[in-house]
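What follows is one structure encoded as structure tokens, with my remarks underneath.
The values are calculated or read from the model by the stated rules, or taken from the named source; none is laboratory data. Being a predicted model, the structure only gives us computed values, none of them experimental. Positions of Cβ are backbone-derived with ideal geometry, glycine not excepted, and every protein chain shown enters the neighbour counts. What goes into the accessible areas is simple: the full protein's heavy atoms, side chains included, and nothing from ligands, DNA or RNA. Shrake-Rupley method; radii C 1.70, N 1.55, O 1.52, S 1.80 Å.
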Amino acid sequence: MRTTSICILLGLLLASCGGGGGGDGDPDRQVAVASEANLDGYLVEDGSGGWRWQPGYARPTTGERFWDGDYEECRQFFTFDLDAIPAGATIDRATLRLYQYDVEGDPYGTLGDVVVDHVFFDEVIRLAYFDGQTLDRNLGTVSTEASLGYRDVIVTSAVRRDLGDGRERSQFRVRFDVPAITVIDGRSDYVCFTDADGAAGDTMRPPMLVVE
């Protein structure tokens, strides 16, 4: 059973027309949808055909990890249930909000920027999802520097497409924008974004999809 935390951040906003009276007009609605814990996580690929899916609570990682004398590339995945969006609603804007809570090494100096892909995958995780199942590659830039905090990226076209195509979820893959990530320097270079599992004990800043 899918579990989704849905929080209405902004209910009905009635525009005031002066004189202190109540305004008329259509309400604007902003819905913030938390990601799904069972589909949050990251894929690890070791460059020689080996791979594994790691759930979000196991230190979710994006970038290059030097592990046991070898290098692994990691990409994070996030899934958002669209049930909270009223049928027939016009999507003005959709924003993916991710909290960068840890940085190891010098990923931005070594690997470049973190970008997001619009993807589609099911609950049986496969290696093909590491770079496949892509609906829109390089949808936007998530982060360009190492300071900790929230990062916002506009994903309006992805949410509109998912709703238009009848998908129940919007799903995203987060990665460094380099074709071959391995940098032979004997160290790890990666970032970590919190996820629905409360990575590093952080349950107060989960990933959110904010839809207006």
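Can you run down the residue pairs with Cβ atoms below 6 Å, 6 or more apart or on separate chains, where the first is in the stretch 106-121 and modelled with pLDDT of 95 or more and among the charged types (D, E, K, R) and the partner is open to solvent by 10 Å² or more (accessible area, probe 1.4 Å) and part of a loop (DSSP other than H, G, I, E, B)?
D113/T144; D113/D177
Filter the stretch 79-107 for residues that are part of a loop (DSSP other than H, G, I, E, B) and under 27 Å from E123 (Cβ atoms) and give the result. Spell out how you get there, then give the answer.
Keep residues of the stretch 79-107 that are part of a loop (DSSP other than H, G, I, E, B), which gives 82-93, 105-106.
Residues satisfying the conditions are L82, D83, A84, I85, P86, A87, A89, I91.
Select from the stretch 33-53 the residues that are assigned to a loop (DSSP other than H, G, I, E, B) and at pLDDT 85 or above and list them in ascending order. Write out each step before concluding.
Step one: of the stretch 33-53, the residues assigned to a loop (DSSP other than H, G, I, E, B) are 35-36, 40, 46-50.
Listed by number, the residues that qualify are S35, E36, D40.
Are any residues in the stretch 63-78 out of contact with any strand residue (DSSP E or B) (no Cβ under 7 Å at 6 or more places or on another chain) and not in a loop (DSSP other than H, G, I, E, B), and if so, which ones?
Kept after step one, since they are out of contact with any strand residue (DSSP E or B) (no Cβ under 7 Å at 6 or more places or on another chain), are these residues of the stretch 63-78: 66-70.
If the condition is that a residue be out of contact with any strand residue (DSSP E or B) (no Cβ under 7 Å at 6 or more places or on another chain) and not in a loop (DSSP other than H, G, I, E, B), then F66, W67, D70 are the ones that fit.
Is there any pair with a first residue in the stretch 40-51 that is surrounded by 13 or more Cβ atoms within 10 Å (Cβ to Cβ) and a second that is among the polar types (S, T, N, Q) and modelled with pLDDT under 75 whose Cβ atoms are under 9 Å apart and which are 6 or more apart or on different chains, and what are they?
Listed by first residue and then by second, the contacts come to G41/Q54; Y42/Q54; L43/Q54; V44/Q54; G47/T182.
Please name all residue pairs, on different chains or six or more residues apart, with Cβ atoms under 8 Å, provided the first residue is in the stretch 161-176 and is open to solvent by 10 Å² or more (accessible area, probe 1.4 Å) and the second residue is part of a strand (DSSP E or B).
Between residues of the stretch 161-176 that are open to solvent by 10 Å² or more (accessible area, probe 1.4 Å) and residues that are part of a strand (DSSP E or B), the close pairs are R161/H118; R161/L135; R161/D136; E168/D81; R169/T79; R169/F80; R169/D81.
Could you please let me know if Y101 is surrounded by 14 or more Cβ atoms within 10 Å (Cβ to Cβ) and more than 16 Å from Q76 (Cα to Cα)? Can you show your working first?
On the way: surrounded by 14 or more Cβ atoms within 10 Å (Cβ to Cβ): yes; more than 16 Å from Q76 (Cα to Cα): no.
No, not satisfied.
Quick check on my filter: what residues within the stretch 108-130 are farther than 17 Å from S170 by Cα and of a type in the set (D, E)?
The one that is farther than 17 Å from S170 by Cα and of a type in the set (D, E): D113.
V116 is checked against (1) in contact with a Gly (Cβ under 6 Å, 6 or more places away or on another chain); (2) assigned to a loop (DSSP other than H, G, I, E, B); (3) of a type outside the set (D, E) and fails just one. What number does that condition carry?
(2)
Those residues that are within 12 Å of the chain's Cα centre (by Cα) and either surrounded by fewer than 19 Cβ atoms within 10 Å (Cβ to Cβ) or among the basic types (K, R) (or both), I need them from the stretch 141-152; list them, please.
Of everything in the stretch 141-152, those that are within 12 Å of the chain's Cα centre (by Cα) and either surrounded by fewer than 19 Cβ atoms within 10 Å (Cβ to Cβ) or among the basic types (K, R) (or both) turn out to be T141, Y150, R151, D152.
Sort out which residues of the stretch 104-127 are open to solvent by less than 10 Å² (accessible area, probe 1.4 Å) and over 18 Å from R151 (Cβ atoms), and write them in order of number. Write out each step before concluding.
Taking the stretch 104-127 first, the residues open to solvent by less than 10 Å² (accessible area, probe 1.4 Å) are 107, 111, 114-119, 121.
V119, F121, listed by residue number.
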